[in-house]
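See structure below.
The values are calculated or read from the model by the stated rules, or taken from the named source; none is laboratory data. What you see is a predicted model, and the numbers here were worked out from it, not measured in a lab. In this analysis, Cβ positions are derived from the backbone assuming ideal geometry, glycine residues included, and neighbour counts consider all displayed protein chains. Ligands, DNA and RNA are excluded from the accessible area calculation, which covers all protein heavy atoms including side chains. Shrake-Rupley method; radii C 1.70, N 1.55, O 1.52, S 1.80 Å.
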Amino acid sequence: MSDVIYSINGPVVTVRDSRSFSMREMVYVGEKKLLGEVIRINTERTVIQVYESTTGLRPGEPVIGTGALLNATLGPGMLKNIYDGIERPLLKIEQMQGAFIKEGKSVPSLDEEAKWDVTVVVKKGDHVHEGQIFATCPETKTIQHRSLIPIGINGTVVETVEDGAYTVNDTIITVRDDVTGQQHPITLKQQWPVRVPRPIGTRKPLFMPLITGQRVLDTMFPIAKGGSAALPGGFGAGKTMMQHSIAKFCDADIIIYVGCGERGNEMTQVLEEFGELKDPRTGNSLLDRTVLIANTSNMPVAAREASIYTGVTIAEYYRDMGYHVALMADSTSRWAEALREISGRLEEMPAEEGFPAYLPSRIAQFYERAGYGETKSGMDGSVSLIGAVSPQGGDFSEPVTQNTRRFVRCFWALDKNLAYARHYAAVNWNLSSSEYLDDLSSWYGEHVSRSFMTLRNEMVELLHEEDSLLEVVKLIGSDVLPEDQKLTLEIARVVRVGYLQQNAFHPDDMSVTLEKQFKMMNVISYLNRACRTKVEKHIPVSLIAKTGIFDKVIKMKFDVPNDHLELLDGYNDMIDAALDSIL
């Protein structure tokens, strides 16, 4: 007796009295063969979540098991592509079906007709192991694709092809298992279950920053390569634009951008912009090293839940090639809402604010897939995860934000008031934090300057002092403050406006190297010390301000081009000349 649909509740489909399926098995549902996944089994019912629209589905239609888990197809051709949450290529679907996705149409994730210029790097008789590179091909102008021996295969190469043009389905090498003697034909593509982390050779401590070009992040709240960060903020605080900036300017080799449940028009803008952006590292299109996963808010809710896992599986695959990968998830709140909706359909007991009780463990499982280490191919690679969080009303005490904060070590709190005041990046320095500072301090000392962290801590202290003084100013005004505290307010303003605030449209300020960041901090620190010397000699801050030196230092981010950083070395003399002119 074949298995048939018993009931349909949105994306949740039930089959009665079946022993055919296993947990997490991928199945085809209905006459249209909609893609689904088994999520609950008991003696009476098998529950399946369907990743496509169930409109028109009826009880009695067949359900067919595949015997496999929900997989991602991995191989050359993923870069420059745009996928939905279950790795269906949207551009290919548009060519075949038009502007609207039809249910049940199976379209290969990779172009099976395209030929790749393959160079085989192993030879007959070589012993190979899982994760080893056996062939390479230029995937884009920027990235070389390194094809890997699938996990679980170890043995001797008994056959190889000549270098040349091959499709993803052509057998490149054949490996004989040393234990069983079975021969495995290996192609350029492989599959991996999206909910299972890909194994890495040796995990290493995090020691190197992911440089973003944003001063407030790189200096104040850095993230390590292989680290994880949360980017919470209310509507209009700039989460998406911040992730765009990081994607464009960070020093990761590969960018995975997951649009998870965002508005359709916003995702359209993202896709168009990424196609037009030039990669500042190579001058080629940014898409040459980017994979886009677009799962908008009007797409099936179950596919939204899967999109995060699809994205991180692709990220791990490129990590295994020896690349440093940055994944942007926008937004994990929409992903959590998908979990809540499916949980409601399953009639599970709700926890805080209706979210399922397993929300914290799901968030942890996602962020734990970040990491840095030596891969099975023998090279270092990393996956850095940056997840935007959209708390309703900007309330950081809601469950998704709070649970995310438990499992990430970097928290970039976006402030809507800063955004409305045109202060970008709108990262609130009083609410944000990074636990990577101790891990990265030695790297900053070796590669930038030993005084980098000292200057950074000096600026943080100034901002905290300003925050305390502003409470007093609100009550009694600034006129009654002593001169040294008035100076603290002025120098803190220089830090806020001249250093933390960046102009995304200015060619020299949109992205800043660590060397320029260090030199700018040096100038601000010297200004602070020089002015305090004058204040100690009873020169009022009002006279110092009349020299215009504070505003000149603020404008150094625009006045000093990124290719003439030596100009910053002359600012100390300029400060001295301005202060001496008071006397």
**Message:** Between the range 87-115 and the range 469-529, how far is it from one alpha carbon centroid to the other, in angstrom?
**Reply:** 52 Å
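Report the per residue volume, in Å³, of the convex hull enclosing the C-alpha atoms of the range 99-244. Intermediate values should be presented prior to the final figure.
Details: hull volume 31.5 nm³, N = 146.
Enclosed volume per residue, from the Cα hull, is 216 Å³.
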**Prompt:** Roughly speaking, what is the stretch gain from Phe558 to Ala68, that is 0.36 nm per residue apart minus the C-alpha to C-alpha distance, in nm to one decimal?
**Reply:** 170.8 nm
**Complete:** Interchain or sequence-distant (5+) residues whose placed amide H lies within less than 5 Å of the amide H of Leu481 are none
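What's the magnitude of the charge dipole for the range 175-304 around its Cα centre, counting Lys and Arg as +1 and Asp and Glu as -1 at the beta-carbon? Answer in Debye, nearest 20.
Details: 15 positive and 12 negative charges, 77 e Å.
About 360 debye.
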**Request:** Convert each backbone phi in the range 538-548 into a coupling constant with the Karplus relation 6.51 cos²θ - 1.76 cosθ + 1.60 (shift: θ = phi - 60°), then list the ³J(HN,Hα) values in order as whole Hz, x for Gly and Pro.
**Result:** 6, 8, x, 5, 4, 6, 4, 5, 5, 6, x
**Message:** If I take every Cα pair under 8 Å that is 6 or more residues apart in the range 86-216, average their sequence separation and divide by the length, what percent do I get for the relative contact order?
**Reply:** 18 percent
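R0 = 45 Å: FRET efficiency of Leu475 with Glu515, Cβ-based, nearest 0.05? List each step's numbers first, then the result.
Numbers: r = 42 Å, r/R0 = 0.94.
It comes to 0.60.
Tell me, what is the per residue accessible area of the range 487-533 in Å², probe radius 1.4 Å? List each step's numbers first, then the result.
Details: 1590 Å² over 47 residues.
Value for the range 487-533: 34 Å² per residue.
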**Asked** Which ³J(HN,Hα) values, rounded to whole Hz and listed in residue order, are derived for the range 509-522 from phi using the Karplus coefficients 6.51, -1.76 and 1.60 in 6.51 cos²θ - 1.76 cosθ + 1.60 with θ = phi - 60°, glycine and proline given as x?
**Response** 10, 5, 8, 10, 6, 5, 4, 5, 4, 5, 5, 5, 5, 4
**Prompt:** What number, in nm² with one decimal, is the all-direction average of the projected area of the convex hull of the alpha-carbon atoms of the range 307-389?
**Reply:** 5.6 nm²
**Fill in**
If the label point sits 7 Å along Cα→Cβ of Arg263, residues of the range 216-236 with amide N under 14 Å come out as 235-236
**Item:** Positive-end extreme of charge dipole, the range 61-135 - chosen from Ile101, Leu70, Tyr83 (charges on Cβ)
**Value:** Tyr83
**Message:** Filter Lys123/Lys376; Lys376/Lys516; Lys278/Lys519; Lys278/Lys557; Lys80/Lys124; Lys278/Lys552 down to the pairs with a C-alpha to C-alpha distance above 29 Å, please.
**Reply:** Lys376/Lys516; Lys80/Lys124; Lys278/Lys552
**Request:** Report which label in (i) 0.98; (ii) 1.04; (iii) 1.39 holds the value of Rg/Rh (Cα atoms, Kirkwood Rh) derived from the coordinates of this structure.
**Result:** (ii)
**Prompt:** Quick one: putting +1 on the C-beta of Lys and Arg, -1 on the C-beta of Asp and Glu, what dipole do you get for the chain around its Cα centre, in Debye to the nearest 20?
**Reply:** 480 debye
**Item:** Calculated from backbone phi, Karplus (6.51, -1.76, 1.60) coupling profile of the range 175-182 in Hz, x at Gly/Pro
**Value:** 10, 9, 5, 5, 8, 8, x, 5
**Message:** Looking at the calculated P(r) for the range 1-144, what percent of the C-alpha pair distances fall above 26 Å?
**Reply:** 42 percent
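Quick one: compute the contact order of the range 188-256, relative version, from alpha carbon pairs under 8 angstrom and 6+ residues apart, as a percent.
30 percent
Rounded to the nearest 0.05, what FRET efficiency is calculated for Asp178 and Glu276 with R0 set to 56 Å and r the Cβ-Cβ distance? Display every interim value, and only then the final one.
Details: r = 51 Å, r/R0 = 0.91.
The pair Asp178/Glu276 has a calculated efficiency of 0.65.
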**Message:** Give me the tail of P(r) for the range 213-297 as a percent: Cα-Cα pairs with distance above 19 Å.
**Reply:** 41 percent
**Prompt:** Can you list residues whose amide H is under 5 Å from Gly373's amide H, if they're 5+ apart or on another chain and H is modeled 1.01 Å from N?
**Reply:** Lys204, Gly381
**Item:** Span from the the range 382-450 Cα centroid across to the the range 215-241 one, whole angstrom
**Value:** 4 Å
**Asked** Cα centroid distance between the range 292-356 and the range 146-169, in Å?
**Response** 32 Å
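How much length, in nm to one decimal, is gained on full extension between Val497 and Lys115, taken as 0.36 nm per residue of separation minus their Cα-Cα distance? Each step should come with its number before you reach the end.
Working: separation 382, 0.36 × 382 = 137.52 nm, distance 5.22 nm.
Computed gain between Val497 and Lys115 is 132.3 nm.
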**Request:** Under 12 Å Cα to Cα from Lys33, which aspartates and glutamates show up? Leave out anything in the same chain fewer than 8 places away.
**Result:** Glu52, Glu61, Glu103
**Complete:** On the formula 1/(1 + (r/R0)^6), with r taken between the Cβ atoms of Arg532 and Arg58 and R0 of 56 Å, the FRET efficiency rounded to 0.05 is 0.10
**Item:** Mean Cβ count within 10 Å, highest first, over the residues of peptides 229-236, 184-191
**Value:** 229-236, 184-191
**Complete:** Computed for the range 1-117: size of charge dipole around the Cα centre, +1 on C-beta of each Lys and Arg, -1 on C-beta of each Asp and Glu, debye to nearest 20, value 220 debye
